[in-house]
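A.B. asks: Sharing a structure below in structure tokens format, with a few things to ask.
The values are calculated or read from the model by the stated rules, or taken from the named source; none is laboratory data. Because the structure is a prediction, the values reported are computed rather than measured. Note: ideal-geometry Cβ built from the backbone for every residue, glycine included; neighbour counts use all protein chains shown.
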Amino acid sequence: MQANRPVIRRLSAARRELVRGDSWFAVLIFTVVAVFLVSLIASVWNNITFQRGVRQKAGAQHLKAVGAVLSKAAEALIVADELSMLRRVLVEAGTEHKLKFCRIVLPGGGVLASADPTGITVLQLPVSWADEVSRPTEEIKKKVATLTFPLIVPNRGSATLEISASLESEVGSALVPQTGQMTIACLALASMLLVHRHARFRLKAIGAIQEILLAAGEENADLSTMELDPKLGVEAVAWNRLLGERQNVQVSTAIQQVRDVVHEKSGTPGELTAALDAVPYGLVFVNDRMHVEHVNGAAAVLLQKERAQMARADISGIISDQGVLDALREIVANSASKRLVITAEQGESMTKGVLKYTVCPVRRDDAHFGLIAIEDITQQRVAEEAMSSFLAKAAHELRTPLTNVRLLVEDALERCQSDPTSTGKNLNVINEETQRLERTVSEILSASQIEAGSFELRADDVHMDQLLQQLKADHEPQAAERKITLEFELPPKLPVLQADRDKIALVLHNLLGNALKYTLEGGRVVVTATAEKGRLSVAVADTGVGISAEEHERVFEKFYRCKNPLAAGVKGSGLGLAIARDVARLHGGDIALESELGKGSTFTLALPVVEEAA
Amino acid sequence: MELLTQQRGAVVIVRLMGPLTGADAEPFKAKVRELIRENLGRVVIDASALPYVDSGGLESLADVAAELAQGGKGLKVCAANPTIRQVIELTGLAPQFEHFDDANSAVRSFL
């Protein structure tokens, strides 16, 4: 794969060089310049040829004129016997007109006169010679013109004037300016082509970039195929560098997006946010500047803050517990790596909230974040405390009668022989104590059943008038014994309830029993029943010791005993009212208390009367 | 409609006395919201004394349930009569509520 890459790159670069950069304009310019150069060369060459022809023709005409003049002069001079003059004229003509040769030839081949004196073969002018009339000839061969003129000398004979001259020098001199022009034009055009080639090479990169940009605009081009061959010049190198940087930016953006999805950094509520909101534990992510990065719905509820207020806020303004803040500071400073569990109470009383904070570090490659998981353990804590308090009080309630029983048994064992009367008394007390023990155990069982939710109600028709009559019959002897007036103010007709008869009876016995226990001799206890709006109320009012306002709620707590010194001698487990209220509530009713210290108390049992059609 | 609140440990039981209708919806929601905020969501709706619910009342219950759900909690309802339970089932709101037979079981669910 690695070995193939340079080859592929070279091939694709070559393809790009062919395809990209060579715009039609560049090709057109190149073609026009080339055609122009060729046509210029052709026209110059044509001109040179034409000029050469003209010059040659003019030279030939000049030579012909010279020959004609010379022939006439020679004829006249031969007639006048002026041979030396003739010879001088020929020499001068040869020099003057740059003739190759200029001579007068007799029919036998003898040279009578010549521009070159060494070529003369006939020294003296003969008196007469053959008369061969020749025709004038004209021959141009290899840029050399040779002309012959017949000379007719009357009475002597005929001769021939031969002159020859080169046309070359004439033509050459005429061609100098043409050649210069041509050279300058060609050089100019050649340099133009060089400049064009260089410019085209430079423009290729820009053209390629332009094409890539157009292609990228039309389709979603892959950046990797947009790379240019660095040979295209500095522009291509710069382009490639830009592409590289863009690719880096794209990659880092993609990484950031993935991170955002994973860490749900973006403010948009995604699936992760919804999932975190469904968690019953409060979760707060704190960044390295101790600011809230993310908070879920449960955290906002548990910390009793608006979620919008918490976003990006300083955590110290949200959580006041110093232990949690210190642990977070250690985590973001990267000096702590273990989780820390802190339990803190919120509000003025424990039932308002006991929160368990678990502070632990969250590793992110670029920073140290802290996570606070918040759990509401209030109910667990309340239940634990209630359980331990219940056990302690139950143990105490059980131990007291047991201790009494043990002491009495020991006493009886000592005196059984000597004092049978006291043994009988002891046995009576033991009997009472064991009965009390039995009642206490039974009440504890009821209370724990209610607590555990296994306290079962057997719903049945409860005829309230019968139940109240029974109650009256059960307690009248006790009231009479303590000289307490017991009155029942009942309406003529009372509704029939859907309830657990035994449990309702237990509640009424507890309420009336308490009223009789805590009312001093000569007092008065009144039981009133009223039925209205689907509700039955039974109020037990006494003129007893009364309960202070602070104790109104506490008397319903399990094992709570009244602190009133007047009631100190009254025996009881402290479970009766707690059970009574739980039973009332399990029936959908309640027990309310109105009382004033020293004046008496009124406990009102309210129970729903279920109508025929709900 | 009357609202009675009882504290059971750290849990508040809200007993609805009388029918829950559209007219009671706003005060009901306001009171329940307040209790939810004060008790960090440890609230049980005791429907044992709730004879019927109309559409407005049902909507207010659903609203409270939706608000609790944003904090990762569910609305715990106990002792609703069969008619109300049937209405909740038929309207498809059942998944939004946690129903318990009695208040004790609802309170224990916070443990």
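A.B. asks: Looking at the structure I just gave you, is A:Q379 within 14 Å of another protein chain (Cβ to nearest Cβ), among the polar types (S, T, N, Q) and free of Cβ contacts under 8 Å to residues at least 12 places away in the same chain?
C.D. replies: Spelling it out, A:Q379 is indeed within 14 Å of another protein chain (Cβ to nearest Cβ), among the polar types (S, T, N, Q) and free of Cβ contacts under 8 Å to residues at least 12 places away in the same chain.
Residue-by-condition table, conditions (1) in contact (Cβ under 8 Å) with a residue 40 or more places away in the chain; (2) under 26 Å from A:L391 (Cβ atoms):
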| site | (1), (2) |
| --- | --- |
| A:Q417 | no, no |
| A:N426 | no, no |
| A:E432 | no, yes |
| A:S446 | yes, yes |
| A:L467 | yes, no |
| A:L471 | yes, no |
| A:P477 | no, no |
| A:T485 | yes, no |
| A:V496 | no, no |
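A.B. asks: Test of understanding: among A:S422, A:S388, which residue is touching an Asp or Glu at 6+ places or on another chain (Cβ under 9 Å) and either closer than 30 Å to A:D326 by Cβ or not assigned by TED's automatic domain parsing to the domain that holds A:V538 (or both)?
C.D. replies: None of the other options fit; the residue is A:S422.
A.B. asks: Which of the residues that make up the stretch A:589-602 are of a type in the set (S, T, N, Q) and either within 10 Å of chain B (Cβ to nearest Cβ) or over 24 Å from A:G534 (Cα atoms) (or both)?
C.D. replies: Passing the criteria: A:S595, A:S601.
A.B. asks: If you scan the stretch A:543-555, which residues turn out to be within 17 Å of A:L511 (Cβ to Cβ) and either small (G, A, S) or surrounded by 17 or more Cβ atoms within 10 Å (Cβ to Cβ) (or both)?
C.D. replies: Selection gives A:T543, A:G544, A:V545, A:G546, A:I547, A:E551, A:V555.
A.B. asks: List the helices (runs of 4 or more DSSP H) that sit entirely inside the stretch A:282-352 and contain at least 1 residues that are within 14 Å of another protein chain (Cβ to nearest Cβ) and over 21 Å from A:T378 (Cα atoms).
C.D. replies: By residue number, A:307-310.
A.B. asks: Still on this structure: Please go through the stretch A:127-164 and pick out each residue that is loosely packed, with under 13 Cβ neighbours inside 10 Å and not in a strand (DSSP E or B).
C.D. replies: A:V127, A:S128, A:A130, A:V133, A:R135, A:K142, A:P154, A:N155
A.B. asks: Would you say A:L77 is touching a residue at least 24 places away in the same chain (Cβ under 8 Å) and either touching a helix residue (DSSP H, G or I) at 6+ places or on another chain (Cβ under 7 Å) or in a helix (DSSP H, G or I) (or both)?
C.D. replies: No.
A.B. asks: What do you reckon, is A:G569 surrounded by fewer than 19 Cβ atoms within 10 Å (Cβ to Cβ), without any contact (Cβ under 8 Å) to a residue 12 or more places away in the chain and part of a loop (DSSP other than H, G, I, E, B)?
C.D. replies: Answer is yes for this residue.
A.B. asks: Of a type in the set (A, V, I, L, M, F, W, C), modelled with pLDDT under 85 and surrounded by 11 or more Cβ atoms within 10 Å (Cβ to Cβ), is that true of A:I48?
C.D. replies: The answer is yes for A:I48.
A.B. asks: Could you pull out the residue among A:L586, A:L577, A:L605 that is away from chain B (no Cβ under 12 Å), surrounded by 18 or more Cβ atoms within 10 Å (Cβ to Cβ) and closer than 26 Å to B:P19 by Cβ?
C.D. replies: The match here is A:L605.
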